[in-house]
Amino acid sequence: MLRHCPAVVIPLVLVATLTISPLAAEPDHATQPPAEIGFPEAVGLAATAPEVVGAQHGIDLTRAAIEAANHGWSPLAIRVMPQLAVGTPEGFGARIAVEQAIPLTDRRGATRASAAALTAQRIAEARARSFELRLAIGEAWIQSWIANAERARARDALQIALSIVELTTRGRAAGAFTQLELAEVKTLAAEASATALDAEGRGTDAAFELGAALGRGVPRSAGATLPEVVIPERVIPEVVARLPEVRARRLAAISARTRGAEARTARAYELIVGGELLADPGGDRRGAVTLGITLPHDRGRRELLEARAEAARQDGEAEAIAARSSIAIGRAIHDIEHGRELLALIDQELLPALDDAARQRKRAFELGEATVLEVLAGERAALAGRRAAIEARAQHAWARIQLALWLEDGGSL
């Protein structure tokens with residue numbers, strides 16, 4: 001333990017614990033910080049992500065495919081068969097036949113229904129991807145905010161430790177402290193320096209993670225202000241069923257079924273209507289009308305069963321996603337309530353108590369009743385409390401953000 005220092009040194013050390021020393025050094029590897037970005041701007045960039053833009057282009061093309069599906073008939077068959085007589089009478093003739101197969105089912109309707117279902121599926125998938133990106137960006141933004149706050153807290157702790165080392169060194173020269181006491185203070189300063197370096201690295205890593213989530217290829221740092229989101233008083237039960245990923249899976253199942261129905265319709269019975277015109281080399285002209293029907297051996301059963309299997313798989317995944325989402329939403333609601341209580345406890349009781357304890361230690365030190373290490377321990381406890389406040393505030397904000405995003409896409413009451 002440090003022994004009590006003379007009265008002439010006490011004010012200097014006390015001031016050092018309360019203020020930031022101009023001699024405190026920043027970490028050596030600090031570089032130009034990445035540009036900051038606010039939460040609304042960051043989340044808004046999900047709409048311009050390459051995969052979302054590409055999905056939107058695919059939706060436009062699928063809609064155009066619906067317009068192109070304007071009929072469901074088979075191609076018109078035209079056959080021309082020239083004839084050459086080698087006996088009597090000699091000459092040239094020709095046979096011309098025209099045939100059209102007319103489906104006996106609504107092939108056009110099945111094709112348009114399949115294209116419409118595919119369009120709805122791709123719209124839902126694009127929305128689900130955008131929602132997924134917003135969640136990923138939001139989480140990366142929150143982690144960057146935490147890292148920035150932790151970095152600022154670690155810098156404050158380092159500056160306090162360096163200030164105490166500065167004045168303890170001077171006190172050692174004046175005979176106020178022993179060499180062991182100075183070594184102990186330097187050890188604490190080294191720990192604070194290592195913590196600050198680690199916080200700098202974490203902040204840089206978080207900036208790279210946020211840049212990767214934004215898809216812009218450069219690191220970005222979260223702005224200083226946590227987002228304020230409004231949560232409705234009640235969440236309707238149907239919100240889970242309307243979540244983007246759940247809807248995408250449901251619509252994928254419907255699209256698979258319509259494709260199976262389209263394949264089956266394409267292999268249905270067809271009425272064949274045609275006509276023939278025959279010109280003999282001898283000059284005779286004859287015409288005929290043909291009627292027939294196709295009897296398909298393959299009615300598309302394999303395609304239909306495969307489509308039903310795909311639909312069953314998509315329905316199963318939708319149920320699983322809905323179950324997981326229900327748990328996640330329930331957890332977010334619990335975290336919001338729990339976080340509100342925890343923040344109230346931290347702001348109203350923990351931080352005031354820690355700050356008061358630190359002040360009492362400083363007062364005791366001023367009166368010669370406490371050591372420098374005890375004062376420093378009080379400062380470190382106060383900083384630890386602020387760290388807990390940072391994490392609690394960020395987690396509470398993240399729970400509210402998640403619920404707000406879910407309600408925005410699923411609906412609220």
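This table checks each residue for (1) over 30 Å from Ala248 (Cα atoms); (2) among the hydrophobic types (A, V, I, L, M, F, W, C); (3) modelled with pLDDT under 75; (4) in contact with a strand residue (DSSP E or B) (Cβ under 8 Å, 6 or more places away or on another chain).
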| residue | (1), (2), (3), (4) |
| --- | --- |
| Cys5 | yes, yes, yes, no |
| Thr19 | yes, no, yes, no |
| Glu26 | yes, no, yes, no |
| Ala49 | no, yes, no, no |
| Gly58 | no, no, no, no |
| Thr62 | no, no, no, no |
| Glu67 | no, no, yes, no |
| Gly72 | no, no, yes, yes |
| Val80 | yes, yes, no, yes |
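Picking from residues in the stretch 280-310 that are of a type in the set (D, E, K, R) and surrounded by 14 or more Cβ atoms within 10 Å (Cβ to Cβ), the one that is nearest to the chain's Cα centre (by Cα) is Glu310. Considering only residues in the stretch 244-268 that are in contact with a Ser or Thr (Cβ under 6 Å, 6 or more places away or on another chain) and not charged (D, E, K, R), the one that is farthest from Leu305 (Cα to Cα) turns out to be Ala268. All of (1) touching a helix residue (DSSP H, G or I) at 6+ places or on another chain (Cβ under 9 Å); (2) in a strand (DSSP E or B); (3) not small (Gly, Ala, Ser) hold for Leu277 with one exception: (1). Only a single item in (1) at pLDDT below 80; (2) surrounded by 14 or more Cβ atoms within 10 Å (Cβ to Cβ); (3) in contact with a helix residue (DSSP H, G or I) (Cβ under 7 Å, 6 or more places away or on another chain) is not met by Ala213, and it is number (1). Beta carbons closer than 9 Å, at least 6 apart along the sequence or on distinct chains, pair a first residue in the stretch 264-277 that is on the phi < 0 side of the Ramachandran plot with a second that is of a type in the set (Asp, Glu) and at pLDDT 85 or above for Ile272/Glu99; Val273/Glu99; Gly274/Glu99; Gly275/Glu99.
The residue of the stretch 319-374 that is nearest to the chain's Cα centre (by Cα), among those that are part of a helix (DSSP H, G or I) and of a type in the set (Ser, Thr, Tyr), is Ser325.
Among the residues that make up the stretch 99-109, is at least one of them crowded, with 20+ Cβ neighbours inside 10 Å, in contact (Cβ under 8 Å) with a residue 24 or more places away in the chain and in a helix (DSSP H, G or I)?
Taking the stretch 99-109 first, the residues crowded, with 20+ Cβ neighbours inside 10 Å are 103, 107.
Imposing the further condition that a residue be in contact (Cβ under 8 Å) with a residue 24 or more places away in the chain reduces the set to 103, 107.
Among the residues that remain, those that are also in a helix (DSSP H, G or I) are: 107.
For the stretch 99-109, residues crowded, with 20+ Cβ neighbours inside 10 Å, in contact (Cβ under 8 Å) with a residue 24 or more places away in the chain and in a helix (DSSP H, G or I): present.
The condition (being crowded, with 20+ Cβ neighbours inside 10 Å and farther than 16 Å from Ile160 by Cα) is satisfied by just one residue among Ala176, Ala189: Ala176. You will find that of Ala328, Ala320, Ala263, the residue that is out of contact with any His (no Cβ under 9 Å at 6 or more places or on another chain), small (Gly, Ala, Ser) and closer than 30 Å to Thr105 by Cα is Ala263 and no other.
Cβ-Cβ contacts under 9 Å between residues 6 or more apart (or on different chains), taken from a first residue in the stretch 162-187 that is on the phi < 0 side of the Ramachandran plot to a second residue that is exposed (fewer than 13 other Cβ atoms within 10 Å of the Cβ) and in a helix (DSSP H, G or I), are listed as Ser163/Val15; Leu167/Val15; Arg172/Gln179.
Inside the stretch 143-164, can you point out the residues that are over 30 Å from Ile37 (Cβ atoms) and at pLDDT below 85?
Hits for the stretch 143-164 are Ile160, Ala161, Ser163, Ile164.
Annotation note: of Ala85, Ala116, Ala152, the sole residue that is without any contact (Cβ under 8 Å) to a residue 40 or more places away in the chain and surrounded by fewer than 20 Cβ atoms within 10 Å (Cβ to Cβ) is Ala152.
Scan the stretch 174-219 for residues that are more than 24 Å from Ala49 (Cα to Cα), assigned to a loop (DSSP other than H, G, I, E, B) and of a type outside the set (Val, Ile, Thr) and the total you get is 4. Within the stretch 226-279, the set of residues being of a type in the set (Ser, Thr, Tyr) and either crowded, with 16+ Cβ neighbours inside 10 Å or modelled with pLDDT of 85 or more (or both) comprises Ser255, Thr258, Thr265.
Within the stretch 315-346, the set of residues being of a type in the set (A, V, I, L, M) and under 20 Å from Val229 (Cα atoms) comprises Ala328, Ile329, Ala332, Ile333, Ile336, Leu342, Leu343, Ala344.
The values are calculated or read from the model by the stated rules, or taken from the named source; none is laboratory data. Predicted model only: the values in this text are computed from it and were never measured. Positions of Cβ are backbone-derived with ideal geometry, glycine not excepted, and every protein chain shown enters the neighbour counts.
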